[in-house]
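Data block below; observations after.
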Amino acid sequence: MNFYSVRDLRTSQKEIWGNLAVNGEAVITNNGKPTALLVNLENRDFEAMVKAVRQAKAMMAFNSMRERACENGFMSDEEIMAEINAARRGE
């Protein structure tokens, strides 16, 4: 998987899109930290890909809630809703 900075998006677009077509994925960094994932859709169904990404994000949020619940013993309804809302916002 290739990593590109936000600056690379402006200066090396042709290289990024070429590598994306070959490798299928690329990570965009901001201040050295991964902030976005580019995925080559090829001929795949866009809606199916968006649904799969959303499901993965929801599962990650769920796992995070489970880990915190194990550490703290429980989570309030407000904490659960805050975690769900954060996942929906992409945080």
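Figures for the structure shown
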quantity: Identity of the residue in segment 39-56, open to solvent by 100 Å² or more (accessible area, probe 1.4 Å) and in a helix (DSSP H, G or I), that ends up modelled with the highest pLDDT; calculated: Q55
quantity: Qualifying residue in segment 57-67 (condition: modelled with pLDDT of 90 or more, touching a Gly at 6+ places or on another chain (Cβ under 8 Å) and open to solvent by less than 60 Å² (accessible area, probe 1.4 Å)); calculated: no
quantity: Condition met for E79 (touching a Lys or Arg at 6+ places or on another chain (Cβ under 9 Å), part of a helix (DSSP H, G or I), farther than 25 Å from M1 by Cα and at pLDDT below 90); calculated: yes
quantity: Selection status of I28, surrounded by 13 or more Cβ atoms within 10 Å (Cβ to Cβ) and more than 19 Å from the chain's Cα centre (by Cα); calculated: no
quantity: Qualifying residue in segment 8-25 (condition: modelled with pLDDT of 90 or more, aliphatic (A, V, I, L, M), within 24 Å of A87 (Cβ to Cβ) and open to solvent by less than 60 Å² (accessible area, probe 1.4 Å)); calculated: no
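The values are calculated or read from the model by the stated rules, or taken from the named source; none is laboratory data. Since we're looking at a predicted model, the values are computed, not measured. With ideal geometry, Cβ positions are generated from the backbone for all residues, glycine too; neighbour counts draw on all protein chains shown. Heads up: the accessible areas ignore ligands, DNA and RNA and are worked out on the full protein's heavy atoms, side chains in. Shrake-Rupley method; radii C 1.70, N 1.55, O 1.52, S 1.80 Å.
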